[in-house]
Amino acid sequence: MSRLKIAIEAVHRACGLVQDIQRVLVSQETIAKSDRSPVTVADFAAQAVISLALNQALPEDQVLGEENADFLRTETAQAQRSRVIDAVKSITPKATGGMVLDAIDRCSLSDDLPEAYWTLDPIDGTKGFLRRGQYAIALAWIERGQVLLGVLGCPELSLDPHQGPGVICSARHGGGARLRSLSSQQQSSMAVSRLDEPAQAAFLESVEAAHSAHGTHARIAAGLGMKAPPVRMDSQCKYAALAHGQGQIYLRLPRDGTYQEKVWDHAAGALLVEEAGGKVSDSNGHPLDFGAGATLKNNTGIVATNGHFHDQVLEAVREALQATD
């Protein structure tokens, strides 16, 4: 089985798992990480399930994930730890508690990354997950700083009007982008919108103002003559929507100059858009550098478009940023 098929199957399993957890999620199972962003039992369980699947099929592959099991190993986390282990065992019955915790920690690579590795965000858009909005399970394979494979599981996203929510989007470098529903293995190709007038474009951005500069985005939209209000959704689902023509521009410009984007927040989605025919760069027009460690420290902001007016968007971004200096 190819790496891409293994990744798709692992993400598919994790999607079903987190949907089951979400149905019975209670507030006591929400944990505050040190940066105060919420993390749930579902984050840990999804990371464990994918880590176990990759380890079984590709034992030599290494993984950079968002979570570690430090909290779950403490005495105060007994209830959450039991819940995570039980959830994982529902998917992987032979997994022991120690195996589950070790699987989570297997994804704790240092910033000194190997030449080739997986990067995983078990739930990208945790706040969206908690509010039952959009969230994604994101998995990508990177070699020598280039994203070669990407998979996005989006349990709440609707891209096909003939099917309900729940899709898996996948891409292979040079091999195009594909879409399937969570309930079917039948795949179809993905392609960005052919719209070539930015004034008519739909604008995608993060729900959380802390993740992007909404005011600056509004000035950019005005500079492009755009009339439609922005479409706000959590997670890399924005990349999936853009790759399938449900939007033409996605901007993520940080509110300050200190924040560095994480590789697991963009690797799978950026490849998906590019393989669907779009273009992704930073706000200066530079390609995203996935070879600089766990963050995109050599880039500033994210600009993704359907490719037909990328340079116009970059110019509008530069003008808006200069106006705020």
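Structure summary
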{"read-out": "List 73, 83, ordered by accessible area with a 1.4 Å probe, largest first", "value": "73, 83"}
{"read-out": "Nearest 10 degrees, 0 to 90: helix 3-24 Cα axis against the chain principal axis", "value": "80"}
{"read-out": "For the range 162-306, Kirkwood radius (reciprocal of mean inverse C-alpha pair distance, Å)", "value": "15.6"}
{"read-out": "Label corresponding to volume of the Cα convex hull per residue in Å³ when calculated from the structure given, among (i) 127; (ii) 191; (iii) 146", "value": "(i)"}
{"read-out": "Tilt relative to the chain, helix 41-57 - C-alpha long axis, 0 to 90 degrees, to 10", "value": "80"}
{"read-out": "For the chain, calculated [θ]222 nm from helices alone, where every DSSP H run of n ≥ 4 adds -39500 (n - 2.57)", "value": "-10500 deg cm²/dmol"}
{"read-out": "By average C-beta atoms within 10 angstrom, highest first, the peptides 234-240, 290-296", "value": "234-240, 290-296"}
{"read-out": "Amide H contacts of residue 66 (H built 1.01 Å from N, under 5 Å, at least 5 apart or other chain)", "value": "120"}
{"read-out": "Nearest-ten-degree value, helix 310-324 long axis tilted from longest Cα axis of the chain", "value": "90"}
{"read-out": "Contour excess over end-to-end distance, with Cα ends at residue 58 and residue 184 and 0.36 nm allotted per residue", "value": "42.9 nm"}
{"read-out": "Ranked packing of 38-47, 183-192, 164-173, most packed first, by mean Cβ within 10 Å", "value": "38-47, 164-173, 183-192"}
{"read-out": "Simple label model, 7 Å out from Cα along Cβ direction - residue 284 to residue 262, nm", "value": "2.5"}
{"read-out": "Residue-level accessible surface for residue 216, protein heavy atoms, 1.4 Å, Å²", "value": "20"}
{"read-out": "Of 127/279; 5/238; 227/297; 227/279; 94/238, pairs whose Cα-Cα distance is over 25 Å", "value": "127/279; 227/297; 94/238"}
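The values are calculated or read from the model by the stated rules, or taken from the named source; none is laboratory data. Everything numeric in this text was worked out from a predicted model, so none of it was measured. Reconstructed Cβ throughout: ideal geometry from the backbone, glycine too, with neighbour counts over all protein chains shown. Remember, those area values only see protein heavy atoms, side chains included, never the ligands or the DNA or RNA. Shrake-Rupley method; radii C 1.70, N 1.55, O 1.52, S 1.80 Å.
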